[in-house]
């Protein structure tokens with residue numbers, strides 16, 4: 001398992017690339033797309049130098065390749081999307097301002113989770129911008145007249161404190177600097193490794209009974225195996241009805257197994273619900 005992260009200058013284009021099938025890469029599923037234009041406009045209006053602001057970041061996380069079949073299965077697809085969405089929320093520490101996709105790498109060797117996100121949070125407050133340059137007087141208050149504008153020691157007029165078009169109020173929070181640190185990636189890697197163990201346990205706990213070997217093609221064993229398969233199908237539905245973080249205790253699972261075997265002995269399929 002590995003994680004990489006990079007800054008991106010054009011978040012809208014990167015988000016579109018998540019769902020394309022280019023150079024052999026293959027898109028499987030993803031979150032609902034969001035409108036990145038307000039984020040881009042905000043960064044353009046609030047850049048502090050000639051170099052454009054980073055509009056967001058992109059994280060790439062390798063997923064277990066065996067999950068690929070689960071994403072393609074009508075039986076497990078929705079559960080797996082929920083699993084991944086929970087992981088993304090865990091990774092970023094927020095539920096908004098991000099978009100993710102699961103896709104195969106170009107050589108189909110790795111199953112990848114790609115996430116693009118803003119380091120800011122979009123607020124409900126409507127953004128307002130200065131409609132003129134604002135200068136400050138020597139007393140620190142807004143200069144009402146040109147003659148009142150503060151001057152430096154050489155007598156030159158100081159530049160405006162706020163530029164026309166610069167954000168005045170609302171719209172977005174400040175950037176979360178934590179996303180730019182090595183500690184963030186190191187902590188995330190540790191968290192996700194533990195999360196993978198938990199998710200794998202849930203994904204793989206959906207088989208309750210093992211079928212019998214039937215070298216002699218016995219009709220009785222064949223019939224029993226048929227009941228076991230139907231029982232396992234019912235058990236899968238039972239497991240998938242719970243939140244993905246739920247893991248059945250061993251004693252509960254043993255009780256369900258006993259009840260299921262008792263039902264099979266009677267020629268029936270045990271109902272778990």
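The values are calculated or read from the model by the stated rules, or taken from the named source; none is laboratory data. It should be emphasised that the depicted structure is a prediction, and the values quoted were computed from it without experimental measurement. Positions of Cβ are backbone-derived with ideal geometry, glycine not excepted, and every protein chain shown enters the neighbour counts.
Quick notes
- Flag for residue 16 being under 27 Å from residue 183 (Cβ atoms) and either at pLDDT 85 or above or part of a loop (DSSP other than H, G, I, E, B) (or both): no
- Screening residue 28 against (1) in a strand (DSSP E or B); (2) out of contact with any strand residue (DSSP E or B) (no Cβ under 7 Å at 6 or more places or on another chain) leaves a single unmet condition, (2).
- Matching residues in the stretch 119-140 - criterion: being over 15 Å from residue 160 (Cα atoms), at pLDDT 80 or above and part of a loop (DSSP other than H, G, I, E, B): 119, 120, 121, 123
- So residue 21, is it farther than 30 Å from residue 159 by Cβ, touching a strand residue (DSSP E or B) at 6+ places or on another chain (Cβ under 7 Å) and surrounded by fewer than 12 Cβ atoms within 10 Å (Cβ to Cβ): yes
- Pick from the stretch 171-183, criterion modelled with pLDDT under 90 and not in a loop (DSSP other than H, G, I, E, B), ranking: nearest to residue 4 (Cα to Cα): 182
- The condition (being in the same structural domain as residue 7 (by TED's automatic domain parsing) and in contact with a strand residue (DSSP E or B) (Cβ under 7 Å, 6 or more places away or on another chain)) is satisfied by just one residue among 151, 177, 114, 94: 114.
- Within the stretch 52-96, tally of residues that are more than 25 Å from residue 35 (Cβ to Cβ), modelled with pLDDT of 80 or more and assigned to a loop (DSSP other than H, G, I, E, B): 3
- Test: residue in the stretch 61-71 that is more than 13 Å from residue 112 (Cβ to Cβ), surrounded by fewer than 16 Cβ atoms within 10 Å (Cβ to Cβ) and without any contact (Cβ under 8 Å) to a residue 40 or more places away in the chain: yes
- Restricted to the stretch 97-107, and to residues there that are in contact with a strand residue (DSSP E or B) (Cβ under 7 Å, 6 or more places away or on another chain) and part of a loop (DSSP other than H, G, I, E, B), the residue that is modelled with the lowest pLDDT is 105.
Residue by residue, here is whether (1) loosely packed, with under 14 Cβ neighbours inside 10 Å; (2) in contact with a helix residue (DSSP H, G or I) (Cβ under 9 Å, 6 or more places away or on another chain) holds:
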position: 95; (1), (2): yes, yes
position: 102; (1), (2): no, yes
position: 149; (1), (2): no, no
position: 153; (1), (2): yes, no
position: 172; (1), (2): no, yes
position: 175; (1), (2): no, no
position: 178; (1), (2): yes, yes
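Each row is one residue, and each column tells you yes or no for (1) modelled with pLDDT under 85; (2) under 21 Å from the mean Cα position of the chain (by Cα); (3) more than 30 Å from residue 85 (Cβ to Cβ).
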site: 146; (1), (2), (3): no, no, yes
site: 155; (1), (2), (3): no, no, yes
site: 160; (1), (2), (3): no, no, yes
site: 169; (1), (2), (3): yes, no, yes
site: 208; (1), (2), (3): yes, no, no
site: 215; (1), (2), (3): yes, no, yes
site: 219; (1), (2), (3): yes, no, yes
site: 225; (1), (2), (3): yes, no, yes
site: 239; (1), (2), (3): yes, no, no
